[in-house]
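Structure record follows, encoded as structure tokens.
The values are calculated or read from the model by the stated rules, or taken from the named source; none is laboratory data. What you see is a predicted model, and the numbers here were worked out from it, not measured in a lab. Virtual Cβ from ideal backbone geometry, glycine too; neighbours counted across all protein chains shown. We work out accessible area using only protein heavy atoms, side chains counted, and drop any ligands, DNA or RNA first. Shrake-Rupley method; radii C 1.70, N 1.55, O 1.52, S 1.80 Å.
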Protein chains: 2
Amino acid sequence: MEAEVATANMTASQLYAALKRDLIDGRFAAGQKLAITALRQRYRVGLSPLREALNRLAAYGLLEQENQRGFRVPALKRAELDDIADLRRRLEGLALAQALQEGGDEWEAGLLAAFHRLKRADETPGKLEHWEQMHLQFHRHLLEPCGSAWLLRFIEQLHDQFDRYRRMAPANDTIRARLNVQHGQLVDLAMARDVPAARALLEEHIRLSHEVARGACQEDRTSVEERD
Amino acid sequence: MEAEVATANMTASQLYAALKRDLIDGRFAAGQKLAITALRQRYRVGLSPLREALNRLAAYGLLEQENQRGFRVPALKRAELDDIADLRRRLEGLALAQALQEGGDEWEAGLLAAFHRLKRADETPGKLEHWEQMHLQFHRHLLEPCGSAWLLRFIEQLHDQFDRYRRMAPANDTIRARLNVQHGQLVDLAMARDVPAARALLEEHIRLSHEVARGACQEDRTSVEERD
DNA sequence: CCATAGTAAAAAATCGATTTTTTACATCAT
DNA sequence: ATGATGTAAAAAATCGATTTTTTACTATGG
């Protein structure tokens, strides 16, 4: 039995989730045009749920929808990554400050648990996809009690955008190690409710991730059109 | 010839625009369930474009999509309005500070023009819909050169959410007059590049609008289900 | 009399086919 | 030879019908 989340119509929602994952994981080339027929076969689904999923993704910003020319994977633009990272820094900074004020005992417990799972995932080399899950959950949990559902929504959206770049970028073990250390320090500062220090560290954390993600932007590439 | 914006497929996009307008204008009761068949007749369209438009609106946050039970207009919740207004204040504050640094001569010219059109619209009583247009354009133009496409996107989204409340709220001519005065003051402070004062005024402007919009929330209402 | 199971009507979601629009190609005129 | 125009193939968008799921009602048993 699958542990599906099952919001709204199943096929369209499953498809939305699957496509979103594949887009963020970089399983489609940036700038690539998505042929409806090809997707229909790839995911073994009918037209209606497919089109509904694509429309949702376009509204979310993970796809571009052109005049009468279907859907396209957005190109990876350095300027846009910088925008996304800058905004992430500012919004997560806001959210963290509030989260440290609002978060209670249960949150502290959950944060320690999330960090523990992340650390274990760090130490397990093969399971990259599992690490990604734990990493996302850790950052989510950190900001969760900030009190603003809309702020969290935007942060999640930016995170998804950012990850598309980061996962396309070549691995950088040096920075990766530093980022991992920061997770632990973030927990300590959060527990100590040291707002300025925690905030500064989180912003530095995002700056460092940004450096890694930049590797995804070969701005000198001459407009890749198709793939396959 | 209509001046349609024509993004993506026509019927679905026209429909998206029409539904979005009707939702923000409050032409559907908050909490109301949207029957697909009824909408099909109301807008004289087929199923596919309708469902695509509804899916986009749900992804945007102007509709809720329930398990296998179709689409619903979100209820007007006081707590959510407060969240939206708070975040608007903070995000527009950020954007304004940057816009005042980045905006050039053309921007100043456009701002004066937008303000002039807004003032004219203020003085014309009957054309409420026209005033709404000019008001939106004024605020858009004010923040436009802030340099962050994603920040502007989120601000627009919050503005749409906020307006749904504001337009449902009963008119308040006293506050309305004060808000109108603030528009002129905003222009002056923007031209003077007085970042702290302009920012403080914009935040106060949003706080005041928030007061008006709160009139839309009768939290004691006993869960309205259907209308028509 | 209330609760539960079964059934029929209604609504939403999905499918395959049709229509419209775009793109690629070939023909003709300059 | 080059550019424009018309035509055919391909792709996307839309439609109406079918299938699935939900909801409301009824009958039956406790």
> Among the helices of chain A (complete DSSP H runs), which have Cα atoms covering no less than 24 Å along the helix axis and a Kyte-Doolittle mean of at least -1.0?
Replying inline: A:78-102, A:105-123, A:149-168, A:173-191, A:195-213
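For chain A, what does -39500 (n - 2.57) per DSSP helix run (n ≥ 4), summed and divided by total residues, give at 222 nm, in deg cm²/dmol to the nearest 500?
Working: 9 runs with 155 residues, N = 228.
Rounded to the nearest 500, the figure is -23000 deg cm²/dmol.
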> If one puts a single equal scatterer on every Cα of the protein assembly as shown and applies the Debye formula without solvent, what log₁₀ I(q)/I(0) results at q = 0.07 Å⁻¹?
Replying inline: -0.40
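Mind checking the full-extension length gain between A:Glu129 and A:Thr174? Use 0.36 nm per residue of separation minus the Cα-Cα distance, one decimal, nm. Kindly include the intermediate steps, with their values, before the conclusion.
Numbers: separation 45, 0.36 × 45 = 16.20 nm, distance 2.00 nm.
Going from the current span to full extension adds 14.2 nm.
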> Ordered by packing density, taken as the mean number of other Cβ atoms within 10 Å over each peptide's residues, highest first, how do B:182-193, B:35-46 rank?
Replying inline: B:182-193, B:35-46
>> If you average the alpha carbon positions of the stretch B:130-156 and of the stretch B:83-127, how far apart do those two centres end up, in angstrom?
In response: 7
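Using only protein heavy atoms and a 1.4 angstrom probe, determine the accessible area buried between A and B, summed over both sides, in Å² to the nearest 100.
Details: alone 12560 and 12570 Å², together 22210 Å².
In total, this chain pair buries about 2900 Å².
Under unit Cβ charges (Lys, Arg +1; Asp, Glu -1), what dipole magnitude, rounded to 20 debye, does chain A have relative to its Cα centre?
Numbers: 33 positive and 35 negative charges, 143 e Å.
The calculation lands at about 680 debye.
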> For the stretch B:123-191, what does the alpha-carbon gyration tensor say about shape, rounded, prolate or oblate, given a ≥ b ≥ c as the root eigenvalues, a/c under 1.5 as rounded, and a/b over b/c as prolate?
Replying inline: oblate
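At most 16 other Cβ atoms within 10 Å and a DSSP loop assignment: could you name the GluC sites (Glu not before Pro) in the stretch B:1-73 that fit? Mind dumping the intermediate values first?
Values: sites: B:Glu2, B:Glu4, B:Glu52, B:Glu64, B:Glu66; in loops: B:Glu2, B:Glu4, B:Glu66.
In loop regions of the stretch B:1-73 (DSSP not H, G, I, E or B), the sparsely surrounded GluC sites (Glu not before Pro) are B:Glu2, B:Glu4, B:Glu66.
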>> What does the structure give for B:88-101 when I average, per residue, the other chain Cβ atoms found within 10 Å of the residue Cβ?
In response: 1
>> Given the options B:Leu202, B:Pro74, B:Phe154, identify the residue whose Cα lies farthest towards the positive end of the charge dipole of chain B (+1 on Cβ of Lys, Arg; -1 on Cβ of Asp, Glu).
In response: B:Pro74
>> A 22 angstrom limit on the alpha carbon distance is what I want to check against. Which of A:Lys20/A:Lys77; B:Lys33/B:Lys127; B:Lys20/B:Lys119; A:Lys33/B:Lys20; A:Lys33/A:Lys77 exceed it?
In response: B:Lys33/B:Lys127; B:Lys20/B:Lys119; A:Lys33/B:Lys20
> Label points 7 Å out from Cα along the Cβ direction at B:Asp188 and B:Asp82: separation in nm?
Replying inline: 3.4
>> Using a 7 Å offset from the Cα along the Cα-to-Cβ direction at both B:Ala75 and B:Asp22, what is the distance between the two label points in nm, to one decimal?
In response: 2.4
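Classify the stretch B:10-72 as rounded, prolate or oblate, taking a ≥ b ≥ c as the square roots of the eigenvalues of its Cα gyration tensor: rounded when a/c is under 1.5, otherwise prolate if a/b is larger than b/c and oblate if not. Please list the in-between numbers first.
On the way: a/c = 1.31, a/b = 1.17, b/c = 1.12.
Rounded shape, in that the Cα axes give a/c under 1.5.
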>> Which of rounded, prolate or oblate describes the stretch A:78-216 when judged by the alpha-carbon gyration tensor and an a/c cut-off of 1.5?
In response: oblate
